[in-house]
Every structure is written in structure tokens, then in C-alpha cells.
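Engineer: Structure below; questions to follow.
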Amino acid sequence: MPDTPASAPSIVRVAIDRPLDRLFDYRSPPDRDVRPGMRVRVPFGPTRLTGVVMEAGVTSEMDPGRLRAVSEVLDATPILPDSLRELLGFGGRYYHHPIGEVVLGALPPALRRGRPLPEAATPEPLWAVTEQGHRALADGAVRGERQRAIVAALADPDSAPGGRLDRPTLAGILGRRPAPRELERLAERGWLECRPPEHPTDVPPEADSAAARPLTPEQQAAVDALTPGEAQPLLLEGVTGSGKTEVYLRMAERVVARGEQVLVLIPEIALTPQLAARIQARFPGRVALLHSGLAEGERLRAWASAARGEARVVVGTRSALFTPLPEPGLIVVDEEHDAAFKQQDGFRYNARDLAIKRGQLEAIPVVLGSATPTLETLQAARQGRYTHCPLRTRPDGTAPPRIEAVDTRVHTPDEGLTSPLLDAMQATLAGGQQCFVLLNRRGYARTLACDHCGWVADCRHCDARLTIHAGQPRAICHLCGHHEPVPDRCPDCGAELARRGLGTQRLEQALARHFPQTPLIRLDRDSIRHKGALEDALERIRSLDAAIVVGTQMLAKGHDFPRVGLVGVVDVDQGLYSVDLRAAEHTLQLIVQAAGRAGRGEAGGRVLLQTGHPEHPLIRGLDAADYTAMVRPLLDERAESGFPPFGHLALVRVEAEDANTAETRAGEVAAPLRRAAAPGVRVLGPAPAPRHRVNRRYREQILVQSGDRRALHATLHQARRAWEGLTLPREVRIALDVDPVSLA
Ligand code: ADP
Ligand code: ZN
Ligand code: ZN
């Protein structure tokens, strides 16, 4: 950088973690070359804050003599590359969120607070079970729960494909971090051995069975469709079990062989430990895992190893999208339809959509994979904006099972279960196969009600019923967490209370009565609360023959179980008739994903769907083998209403402690939107949100819709300016959600 004359000090423009939609100018120290992407400490009011330099060598509108100076430069080289700063700038503008919060929020917490970037990490050694260790495990000689868990995890080809794991990965599987000392002690006993980190070619191919098998023609075509080195979005639309993961892995191998890095985004790491393990097995010692379950230091190390180019494959949840990659080559978004990619508060970005943008900025392909792609993604593929790679068949030749409706008007359910479902379960279990029973509602009963006077146990803070949990003396609100003792009798009239509506716990009890001899496993957020509980449950399912698994949508997630002969879906009617934007779409996705768990082995499988509306066009059209055909009615509906993908939406929510304030203020917020509305932009509302009261606050909402994205954003932009001029009470909050996933 040329020397700047003393009369014109070099000025930098800095993003800081404050809800203000602008950057701040500071004088840069004369003796330092401060470049964009470096962190600095800057004075801000009476305090000092960590910021990220977004622009350097600028001229300020302010009198340079009055500018304050950067107090400290924290990085020797930029930690955020140009492409990411550009992405974050775009994200801030697109989602109308203050740039400083966007930029600082993209950093691991440790860096946000000014910690130094760690020195180059030495690669983690790998741990494996010895012959002696395998014998000891089989003989029950490995005592102590913690010790056994470690040896068992390493001995299990599902959790440790290739038979070896590094400590951070092992930590992910165990749900806790084993101390180095624990592993060393097991090695001293001769049960474990420590091996130096290796090169990917060292993995014995038999350790990873799919790697050795030839791809199906469709898989091969998908891998061949990839054009490394070019901005290219691809939709990998593969029926459940069609081998999408294998396609990601082969694509990743190609890209890594070119000397480039791969970023794999997944909805939630805890629910799908298999995927991370398979990637780890294919690229041993070269994978960084990034998710919120990591300790701060671990997360920082993983981030740094990606940023330095040591990790060649980065696997992470939503926020991992913002990991710097010096040699980016490919982004994969697995289960792209999953709502977990959308952040639901603060900076409400969709990592799937920003991944496409990042692909453009870095000129690399982005693969979106799903058996049930969102309508937005399907439409983009239909219009040729995305390369469409379908996988219609499974490698083992089986097809996703047909979905049969059970009419609950004919077969009245008793505690959620109809006789055709019970009969089918009986037959499946007798054949040594497993039954999955899906009910997307946890808890025991949905609520308590009085049949005499009509009293119901509502949450006192929300428009929601309290849920009753088995064996617990408290009724709980699933929206705000409020709980209170379950009353014995109706507080209004003293009559006895009835437990209404079915939850997974009650269903579990009912199933236990019908099948007292059969092992029963429940999978829902309550049952996996303890660390390692999910892994244990998945392990049990894999080790058992005949068994019943009852659970929420959690059991529909990408698990690959070979012995599921029957999937029963207890009740989805609510989802079909909900007014919420995507409720029907999410319901269809859930049914198809759940159905996809059945029939992966030779014996084939059945799917029974209990419904009171078998004539509903969406139910009649259910076909797990052809999702695109199935959702055509939904697409038509959206086209008619101008909703996504045929139009664009933003939701403005105004919250206050009382209903009147919320209503009045929402009117004040809506007025500038209406004034600013460009032609073709519709402003609907304000109206009370479908859930009007949550956690003691009342919510009004305004929906802004347009067929023209630019016009929509111009309107939002102008309205936001006007909102800054409103003097609202502190407790009133305005939230803006661009491309909302839900309107509830
Ligand atoms: P998806 O992610 O599409 O649901 P998976 O990637 O989990 O499917 O694959 C389903 C099963 O098929 C896995 O057990 C996997 O090992 C196996 N598989 C994938 N590709 C092949 C192949 N080309 N030949 C044989 N088996 C394969
Ligand atoms: Zn009563
Ligand atoms: Zn509540």
C-alpha cells in the first residue's frame, strides 16, 4: 500500500455488532496495513468493540480530524475473504438486517470476542480398536459405562466406518468429549491403538462398502453433470434410499482431487450422525465438523482449519455457510427442503438460498439434494435455472412403497390406532420386520378439558393448549415453556377432567398394550434429551429384528434402516387443511420421507396413512416414487395466489405487551409500507398473527407480496427508512422476515 500523506489519514470502514444499519469510519494506524477482512478493536461511545474492516482506504464524509482511531489491529491477514464479505453484504441487504450484526454473527463466538485465530493445528491422530479390544468388548470385559461407550463406538462400523475416528469426531458420536487421558488409558490396557492421521487413499476400500460398488447409471449421470470451476446450481432429486449421499461423496472426491475444498450443509448434525460419519470415512483426517453442539474452542479450531485450507471437507449446519474456504470447489446442501436452513430470529437468512449466492460469487457448483425438494427449487429446475439430476431408482432395485390410505371415518381409531393399521403391524412383526409409527406431536395428551363446562387448560401466556406429559405432574406449553401443576378436577366446576388429543407418549402406551412382547422405542425431542440417547436408540433399532418405533418427524429423517416393513402415519389431517403457507407442502414431505424408511430390504414394505379425508386430492395423489407429480396441485395453487415460487413474500411482525398497543403500532408500521409500495406490490394487513399471543406478547402481522422481487425490496427499503423515524415504545418490536417459511 502506498504511503498516505499525513494530511489525509487512511480511513477504514468497520462493521460492528450493533443493530445499526451502517458501517463506521475510523482512522487506521499509520504504521499498519489494515486490509478489508481483518478484525480491529475500535472505540464506540464509552466502550471498545471488536469489528471487521469492510473497506479500507476510503474517504470519509466526516471531518478526518474528528474521526476516532482504530485502537488495535487483531489480525495480521484478513480472516474473511472478499467473496464472503460480499456475501454478507448481500445478505444484510436482502434480508434487511443490520450489516454489523450480519458480519459479526458470521464469525465463531471466540473470534467475535476478539480471540486470536489459533496457530496451524496439528492434525488429530486417529483411534482404533485392537483385536484384544474387540474380544474384550465381546466378553464384557470392558467395564465402566464411559469406557464401554468409547470402545463400542470405535468398534461399530456404522459409527466408525473404516474402524477409526479422531477425538473430535468421537466426541460428536458420544455426545461428550473424552479426555485424551481416557483414550490413553484404554490404549495402555491394549484395547485401543492410536494411529497417525492418514491420507485418504490409506482407507481400505472394504471399510466403506458403497465406495467399492459401481454407481448406478443415474448416480453416474449426476456426478458427470457437475462442472467444477463454474457457478452452477444442481438439483439432485432422488427418491429416498436412491444413494444421494454416494453422489455427494463422489462429487466431493472429484473436487478434492482438483485441490479444492467442499462444504456440506446439513439441517441438524445430532439427528443424522450417519452422514457425518460416512463423509469422515471417505476423507479421514481431512474433515472439519461445525455445529452449535461444539465447545467454543473446538468450533474455533474447526473453523480455522477450514479457513487455512487444512480441512478439505467442511460439514456443518446452517451457519457453517459462512466458513471461509481459500480454495472453494463445491457446496452441497443436503435435505434442502428442511426448514432448519432458515434462521427464525435475528438475521433471518436461508442458508440454502445464500449457498446459491455464494456459489455465484465464488464461481463454484452448488448441489441441492432432496427426495422432497421445495416448490421453489423444483420450479427453478423446471425453468432450467438449476441442472436437474433425478435419481428415480434405488441401487438395490427396490422402489419406495405405495402409500395406502386408511379411512378413519370407516375405521374409528382407538387411541390413534385403527384396526387395519394394527393388523398390518401384527403381520409385519410376525415376519420379523419392524414397524415405524409416526405421529408429529410429542407429549402424552394435547390438553386437559372439562366435558361438563368446557374449560380447557390453556397457557396463560400464549394462544396454545398446555400439553400433558406422561408421569409428570406438570402441564407444559410447547411454545413458551410455561408449566403448571395438572389439576385433579376442573378449576371452574369441579368435574373430572378428560385428557384430549394424542401425543407420542400416549401412543407408545397404547402400542405397548397391543404388543406387550415387542420391543418399543420412542423417538421424539423428549426421549432424546439426554446426550447420547439418540445414538443409543438408533443403535437399538439397527440391532433389533421385530420392533416398533414410535415418534415424531424425527423418525422420518434420513436414517437408513434395513428392516422396516411398515410405516404407519397416524394423523396428518391438520396439516392438509392448515391455512399456513407451507403446511400442506411440509405434510407431504413428511409423509414421503417417513414412507422412505420402509422397504429398504428385500422384503419390501407398506405404508398406511390414516386420514379422515381419503378423497382429498393431495392424499389421492400421494406417490412416494414421483414427488414432482404429487405436488403439481400445490404448484397450481401457489401460481393462482402469487405465492412463492410465483411471487415473493415478506412478513412484517409487530409485537407488544398488550393487544391494543400491538394493533395501533402495527397500523403505524403498515402506513409507510403502503405509501412506499411500488406498483405490483401488495400490502396485506395488519392482522393478528395466527398465533396472536406467544410468551405474553401480542403479535400483529403485515404481509407484503409482489411478483417482482426488486419492487418488493425497494418497498421494504423505503419503509424501513420511515420506521426509523417512528417513536415506538421500547417494548414494541418490529421484525422483518424475507422469504418466510411460515406465516404462523
Ligand atoms: P439417500 O441419501 O438417497 O436416502 P443413501 O445415500 O443413504 O440414500 O443410500 C441408500 C443405501 O444405498 C445406502 O445403504 C448406501 O450404502 C447404498 N448405496 C448407495 N449407492 C450405491 C451403489 N451405487 N451401489 C450399491 N449400494 C449403494
Ligand atoms: Zn368444568
Ligand atoms: Zn405458552
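The values are calculated or read from the model by the stated rules, or taken from the named source; none is laboratory data. Note that this is a predicted model, so its numbers are computed, not measured. Here the Cβ is made from the backbone with ideal geometry for all residues, glycine too, and neighbour counts use every protein chain on show. Ligands, DNA and RNA are stripped out before the accessible areas are found, and what is left, the full protein with its side chains, is counted by its heavy atoms. Shrake-Rupley method; radii C 1.70, N 1.55, O 1.52, S 1.80 Å.
Engineer: Magnitude of the Cβ-charge dipole of region 124-166, K/R +1 and D/E -1, about the Cα centre, nearest 20 debye?
Structural biologist: Once rounded to the nearest 20, the dipole reads 180 debye.
Engineer: Percent antiparallel among DSSP beta bridges with both residues in region 249-356, to the nearest 5?
Structural biologist: Of those bridges, close to 5 percent are antiparallel.
Engineer: From the phi of every residue in region 16-24, what ³J(HN,Hα) in whole Hz does the Karplus formula 6.51 cos²θ - 1.76 cosθ + 1.60 yield, where θ is phi - 60° and glycine or proline is x?
Structural biologist: Here the 3J(HN,Hα) series is 10, 6, 9, x, 10, 8, 7, 9, 10 Hz.
Engineer: How high is the FRET efficiency from Glu724 to Met62, r the C-beta distance, R0 22 Å, rounded to 0.05?
Structural biologist: For R0 = 22 Å, the calculated efficiency reads 0.65.
Engineer: Tell me what the chain gives for mean residue ellipticity at 222 nm when only DSSP H runs of n ≥ 4 count, each as -39,500 (n - 2.57), the sum divided by the residue total, rounded to 500 deg cm²/dmol.
Structural biologist: -9000 deg cm²/dmol
Engineer: Grab the beta carbon distance between Gln132 and Arg181, set R0 = 25 Å, and tell me the FRET efficiency rounded to 0.05.
Structural biologist: Efficiency computed from Cβ-Cβ geometry: 0.80.
Engineer: Moving on. Going by Cβ distance under 4.7 Å, what cysteines of the chain have no possible disulfide partner?
Structural biologist: Cys194, Cys389, Cys435, Cys480
Engineer: Follow-up. Among DSSP beta bridges whose residues both lie in the chain, state the antiparallel percentage, nearest 5.
Structural biologist: Close to 55 percent.
Engineer: Once a ≥ b ≥ c are taken as the square roots of the eigenvalues of the Cα gyration tensor of region 464-551, is the result rounded (a/c under 1.5), prolate (a/b larger than b/c) or oblate (a/b not larger than b/c)?
Structural biologist: Because a/c hits 1.5 or more and a/b fails to exceed b/c, region 464-551 counts as oblate.
Engineer: Hey, another quick one. Using the charge dipole of region 501-630 (Lys, Arg: +1 at Cβ; Asp, Glu: -1 at Cβ; taken about the Cα centre), state which of Leu588, Val570, Thr628 has its Cα farthest towards the positive end.
Structural biologist: Of Leu588, Val570, Thr628, it is Val570.
Engineer: From the residues Gln553, Leu511, Gly599, which one has its Cα farthest along the dipole of the chain in the positive direction, the dipole being from +1 and -1 charges on Cβ of Lys/Arg and Asp/Glu about the Cα centre?
Structural biologist: In the chain, that residue is Gln553.
Engineer: Next up: Along the charge dipole of region 638-722, which of Ala656, His713, Ala677 sits closest to the positive end, that is, farthest toward it, with unit charges on the beta carbon of Lys, Arg, Asp and Glu (+1, +1, -1, -1)?
Structural biologist: His713
Engineer: Using the Cα centre as the reference, give the magnitude of the dipole from point charges on the C-beta atoms of the chain (Lys, Arg: +1; Asp, Glu: -1; all else neutral), rounded to the nearest 20 debye.
Structural biologist: It works out to roughly 1260 debye.
Engineer: Whose amide H sits under 5 Å from the amide H of Asp708, counting only residues 5 or more places off or on another chain, with H placed in the peptide plane?
Structural biologist: His648
Engineer: Ranked by accessible surface with a 1.4 Å probe, highest first, in what order do Leu20, Leu74 come?
Structural biologist: Leu20, Leu74
Engineer: Right, another one. Enter the Cα centre distance for the pair region 367-388 and region 680-707, rounded to the nearest angstrom.
Structural biologist: Their Cα centres are 29 Å away from one another.
Engineer: Using Cα-Cα distances under 8 Å and only pairs 6 or more residues apart, what relative contact order does the chain have, in percent?
Structural biologist: Dividing the mean separation by the residue count of the chain yields 11 percent.
Engineer: For a quick check: with amide H placed at 1.01 Å from N, whose amide H comes under 5 Å from Thr130's, ignoring anything fewer than 5 positions away on the same chain?
Structural biologist: Leu192, Glu193
Engineer: Nearest 20 debye, what's the magnitude of the dipole of region 27-71 about its Cα centre given +1 on Lys and Arg Cβ and -1 on Asp and Glu Cβ?
Structural biologist: Charge dipole of region 27-71: 240 debye, to the nearest 20.
Engineer: If you count, for each residue, the other Cβ atoms within 10 Å and average over each peptide, how do 483-496, 661-674, 413-426, 587-600 line up from highest to lowest?
Structural biologist: Ranked from most to least packed, the peptides come out as 587-600, 661-674, 413-426, 483-496.
Engineer: Please work out the Cα center distance from region 436-498 to region 507-562, rounded to the nearest Å.
Structural biologist: Result: 25 Å between the Cα centres.
Engineer: Can you give me the Cα centroid spacing of region 647-679 and region 88-117 in angstrom?
Structural biologist: Using only Cα atoms, the two centres lie 27 Å from each other.
Engineer: Using the Karplus equation 6.51 cos²θ - 1.76 cosθ + 1.60 (θ = phi - 60°), what ³J(HN,Hα) coupling, rounded to whole Hz, does each residue of region 689-704 give in order, writing x for Gly and Pro?
Structural biologist: 4, x, 9, 5, 10, 9, 6, 6, 10, 9, 10, 10, 9, 10, 9, 10
Engineer: Scale the Cα Rg of region 308-445 by the rule-of-thumb value 2.2 N^0.38 Å and send over the ratio, two decimals.
Structural biologist: 1.48
Engineer: Indicate the gyration tensor shape class of region 289-343 (rounded, prolate or oblate), computed on the Cα atoms with a ≥ b ≥ c the square roots of the eigenvalues: a/c under 1.5 is rounded; otherwise a/b larger than b/c is prolate and the rest oblate.
Structural biologist: Oblate shape, in that a/c is at least 1.5 and b/c is the bigger or equal ratio.
Engineer: When a/c reaches 1.5 or more, the comparison of a/b and b/c decides; with that in mind, is the chain rounded, prolate or oblate per its Cα gyration tensor?
Structural biologist: oblate
Engineer: Under 5 Å between amide hydrogens, which residues at least 5 positions from Ser10 or on another chain qualify, with H placed 1.01 Å from N in the peptide plane?
Structural biologist: Counting only residues 5 or more places away or on other chains, the set is Ser28.
Engineer: In whole Hz and in residue order, list the ³J(HN,Hα) couplings for region 383-394 that follow from phi through the Karplus curve 6.51 cos²θ - 1.76 cosθ + 1.60, θ = phi - 60°; x for Gly and Pro.
Structural biologist: Each residue's phi maps through the Karplus curve to give 7, x, 6, 10, 6, 9, 10, x, 10, 8, 10, 9 Hz.
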